[in-house]
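**Student:** My questions will all concern the structure given below.
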Amino acid sequence: MPDTDTHLKPAVAIIARVGYIAKGIVYLLIGGLAFMASAGLGGDNVGTKEAIRELLTKPLGDAMILVLAVGLFAYALWREIQALLDTEECGKDIKGVATRVGFAISGLIYGSLGIYCIDLLRRVAQSSGDSETQDRTAMLMSHQGGIYVLYAVSLVFVGVGLRQVWRAVRRSYLKNWHWQHMSAAQRRGAEAITRWGLTSRGVVFMIIGLFLGISAWRADPSEAQGLGGALDALARQPYGVWLLGAVALGLFGYGLYCLINAGYRKMGLD
């Protein structure tokens with residue numbers, strides 16, 4: 001950010017950290033519920049909206065959802081700041097522009113989750129989950145060229161999933177951390193959590209992309225699955241309980257990774 005915006009940097013940093021905490025809470029809920037399902041302790045394989053809806057069943061659920069909405073809006077705003085001000089110094093080449101567009105799209109997605117929280121509080125939220133994914137897929141297929149767009153979206157999901165796994169392998173997340181402020185034990189723990197979390201999220205994204213690709217190939221919207229459907233698909237595989245449990249813990253770990261970002265991430269404002 002320009003020097004003339006120095007007085008804005010602390011506010012932007014707070015927005016980013018609040019946002020990472022909110023995103024982390026969402027993934028802690030998803031991973032926790034999925035792990036409980038794998039262990040036979042109740043729970044369920046759910047997506048982001050269903051996980052948020054679970055808060056309504058808890059004491060002070062409305063207050064928690066309101067706080068979460070504020071955090072999700074903060075994360076959405078941070079993503080748009082990353083895209084517009086290039087806080088990550090991505091540049092203006094094709095790769096940099098694509099990365100910044102990805103930030104902007106991510107901001108819109110998490111902004112919509114914030115709106116969903118408000119709708120929950122107003123008790124006007126509609127049903128969500130895999131049925132919503134299938135409805136949107138069917139609507140896309142109804143338009144000319146929609147099948148090809150769906151193929152493209154499926155490739156995007158697979159690509160994002162591969163990138164998450166690649167980040168875990170290359171440990172590229174380290175360049176975003178003030179890891180010098182961590183003790184050796186803290187860094188080892190943070191790295192273990194992050195690598196497992198990124199890998200698990202990458203696997204889930206690739207499964208979602210695969211389902212979307214199958215849906216386009218068969219021209220059948222019912223084949224499309226969201227996050228909850230991807231977790232269900234894992235549970236149906238040989239040793240599915242163990243697979244689901246491992247990925248669930250990984251998604252829980254991704255939530256912890258978001259909390260690590262809240263505490264140690266460089267915000268591109270230094």
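**Student:** Place a +1 charge on the Cβ of each Lys and Arg in the stretch 8-264 and a -1 charge on the Cβ of each Asp and Glu, then give the dipole magnitude about the Cα centre in debye, rounded to the nearest 20.
**Tutor:** 820 debye
**Student:** Also: In debye, nearest 20, what is the charge dipole magnitude of the stretch 29-148 about its Cα centre with +1 on Lys and Arg Cβ and -1 on Asp and Glu Cβ, if you could check?
**Tutor:** Roughly 140 debye, rounded to the nearest 20.
**Student:** Sticking with this one: So if R0 is 35 Å, what FRET efficiency would L121 and L84 give, r being the distance between their Cβ atoms, rounded to the nearest 0.05?
**Tutor:** 0.75
**Student:** Right, another one. For a quick check: sort Y20, Y239, Y264 by the number of other beta carbons within 10 angstrom, fewest at the front.
**Tutor:** Ascending Cβ contact count within 10 Å gives the list Y239, Y264, Y20.
**Student:** Would you calculate a helix-derived [θ] at 222 nm for the chain, using -39,500 (n - 2.57) for each DSSP H run of n ≥ 4 and dividing by the full residue count, to the nearest 500?
**Tutor:** Counting only the DSSP helices, I get -25500 deg cm²/dmol.
**Student:** Also, I was wondering about something else. Normalise the Cα radius of gyration of the chain by 2.2 N^0.38 Å (N = residues in it) and let me know the number.
**Tutor:** After normalising by residue count via 2.2 N^0.38 Å, the value is 1.01.
**Student:** Could you tell me how far the Cα centroid of the stretch 30-77 sits from the Cα centroid of the stretch 195-270, in Å?
**Tutor:** 16 Å
**Student:** I'd like the FRET efficiency for V70 and V241, computed as 1/(1 + (r/R0)^6) with the beta carbon distance as r and R0 of 41 Å, rounded to 0.05. Write down the numbers at each step before the final one.
**Tutor:** Numbers: r = 37 Å, r/R0 = 0.90.
Rounded to the nearest 0.05, the efficiency is 0.65.
**Student:** List the residues whose amide H sits under 5 Å from the amide H of W177, counting only those 5 or more places along or on another chain, with H placed 1.01 Å from N in the peptide plane.
**Tutor:** Here K266 satisfy the definition.
**Student:** When the Karplus curve 6.51 cos²θ - 1.76 cosθ + 1.60 is applied with θ = phi - 60°, which whole-Hz ³J(HN,Hα) does each residue of the stretch 181-197 get, with x for Gly and Pro?
**Tutor:** Listing the rounded values in order: 7, 9, 6, 4, 5, 4, 5, 4, x, 5, 5, 4, 4, 5, 5, 5, x Hz.
Each reported figure results from applying straightforward, stated rules to the coordinates on display, with no laboratory input. Values in this document were obtained by computation on a predicted structure and should not be read as measured data. Glycine gets a Cβ as well: all are built from the backbone with ideal geometry, and neighbour counts include every protein chain shown.
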